[in-house]
Structures are given as C-alpha cells and as structure tokens.
Ligand code: DX5
Ligand code: ZN
C-alpha cells in the first residue's frame, strides 16, 4: 500500500518568514512542504522562484542522516517547465511537479528532471482528462490531480475530480497520487476514499489554531 504523505502548502503561510513557516510545519509532523511556483503566465499569479527556494533550503537544510526528511515538493505552475529544472535542482528542490498542459514532451521532461536528481511528477488541471497520464504513469514518482483551478489558495474543493483519482488508483495501486486545492477536514473523506495518499493543504492547516491536529486528521483519513 502507498503511505500517507501530508504536504502543507506554504502559500497560505507568512511570506515574510517562510523558513520559520517550513520549520513550524515539520514540527507539526508534516511529511513534506509544498512550494507553489507561479510565473504569471501559466497561471494569473506570481509567487516564488529558485532564489527563494534556495534561501529556504539554507534555512531548512537536508538531513544527510535521514534522506527524504525536510522534503521540498515543488509545484511548478509555469509556462515553460523545461527551463527551470536545473535551477530548481540547484536550489534544493526534491520533487519537480510540472503541468501536463505546459509541455509538448512529458516523457522527455521526466527524464530531464530525473537526470537532475529530483523526483518527477505530473499535474493535470481540472479540465484535463486523466487518461493523458496513463502513458506517463510508469515513469512518474507521483501524479497530481488538481482539485481547484491552479493559481490561488483558499478556493473550494472540486469533488467532481474524484473519479479521476479513482481511475488512477484502480490502475496504479502503488503510485503516489496527490490532490491539491481546498483540502481540509471537510473534504478529506472524499479524497481519501477515492484513493489519494498525498494531501496538499494550505489554508486548512496554516489558519488552524492547532495545525498538528489538522495534519494528524488528514493522515488518519488516508490511513483508514
Ligand atoms: C493552488 C495551489 C495550491 C494551494 C492550495 O494553485 O497549487 O497548492 O496553495 O491551497 P488551499 O489548500 O488553501 O486550497
Ligand atoms: Zn500546489
């Protein structure tokens, strides 16, 4: 079985203290932090890029004794995903999630990402059918089914994306399947039931009085 992975999105955190926000989430038992990179072209918003990720990596260094700890999950909402692979790798990204809609050669891009030592994942927007991922899945470390239109935090979860997750889980029992957008205590039951095991949560975790409790609740639903 796939294991539960909870990845708070720092997009909902305090950008003036991103390093502290990452540490806070790891102290609350987050498995990964989710870093939303937006370029103002693929999505109508601007967030962070390689310089910020590089600074964050210095503030949150990898633990050589425990590989995979302090994992940076980079969600690349960019128009030209090939362009940023070397810089995100150098900056300290652990996983590079590109959007299927942004590339002409997804398999070539996966190879490029792996050549640069990162895990490779592919995301689909709500309007993109899930079957585009089938020829790719064997090459991927993770598939991301967006549950909002990418671009902004704090939107409502689209429950009608769950059949995509169910289809993927039925075909690929061991694949990491991530959902992103509007996840929290109210929406996790549907996502977990459909078979998602990697849960991104921004608003619901960062705005909670006790983020560790929300993280634990999300994990418990995936484990069930
Ligand atoms: C949206 C981003 C998400 C977002 C999730 O484009 O990809 O990662 O930060 O935030 P919430 O959980 O608030 O919907
Ligand atoms: Zn995201």
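Taken together, the values in this text are just the output of simple stated rules run on the coordinates, not laboratory data. Because the structure is predicted, anything quoted here is derived from the model rather than measured. So basically every Cβ, Gly included, is an ideal-geometry build from the backbone, and we count neighbours across all protein chains shown.
For the chain, calculate the relative contact order in percent as a whole number, restricting contacts to Cα pairs under 8 Å that are 6 or more residues apart.
21
Can you tell me which of 181, 65, 127 moves the most in a GNM of the chain? Springs connect C-alpha atoms under 10 Å apart.
Maximum fluctuation in the GNM of the chain, among the listed residues, is at 65.
Any chance you could run the full-extension gain for residue 186 through residue 45? It's 0.36 nm times the residue separation minus the Cα-Cα distance, nm to one decimal.
In short, 48.1 nm is gained.
Can you give the Rg to Rh ratio for region 1-72, taking only C-alpha atoms and Rh from Kirkwood?
0.99
Arranged by the count of other C-beta atoms within 10 angstrom, fewest first, what order do 174, 23 take?
174, 23
Sort 46, 217 by Cβ crowding within 10 Å, fewest neighbours at the top.
By the 10 Å Cβ count, ascending: 46, 217.
For the chain, I need the span (max minus min coordinate) of the C-alpha atoms along each principal axis, in Å, sorted largest to smallest.
On the principal axes, the chain reaches 39, 37, 37 Å in Cα extent.
Which value in nm describes the separation of the simple spin-label points at residue 166 and residue 149, placed 7 Å from the Cα toward the beta carbon?
2.6
Express as a percent, rounded to the nearest 5, the fraction of DSSP beta bridges in region 5-223 (both residues included) that run antiparallel.
5
Give the calculated FRET efficiency between residue 213 and residue 174 to the nearest 0.05, with a Förster radius of 22 Å applied to their Cβ-Cβ distance.
Efficiency computed from Cβ-Cβ geometry: 0.15.
Give me the number: length gained by fully extending residue 20 to residue 52, i.e. 0.36 nm times residue separation minus the C-alpha to C-alpha distance, one decimal in nm.
Between residue 20 and residue 52, full extension yields an extra 10.2 nm.
How many nm separate the modelled label positions at residue 139 and residue 156, each set 7 Å beyond the Cα in the direction of the Cβ?
Those two pseudo-labels are separated by 3.7 nm.
Could you put 204, 55, 156 in order, starting from the residue whose Cβ has the fewest other Cβ atoms within 10 Å?
Ascending Cβ contact count within 10 Å gives the list 156, 55, 204.
Can you give the FRET efficiency for residue 63 and residue 131, using 1/(1 + (r/R0)^6), R0 = 45 Å, r = Cβ-Cβ distance, to the nearest 0.05?
0.70
Let me have the 222 nm mean residue ellipticity of the chain computed from DSSP H runs of 4+ only, each contributing -39500 (n - 2.57), with the sum over all residues rounded to the nearest 500.
-9000 deg cm²/dmol
Mind checking the alpha-carbon convex hull of region 47-156 and giving the volume per residue in Å³?
113
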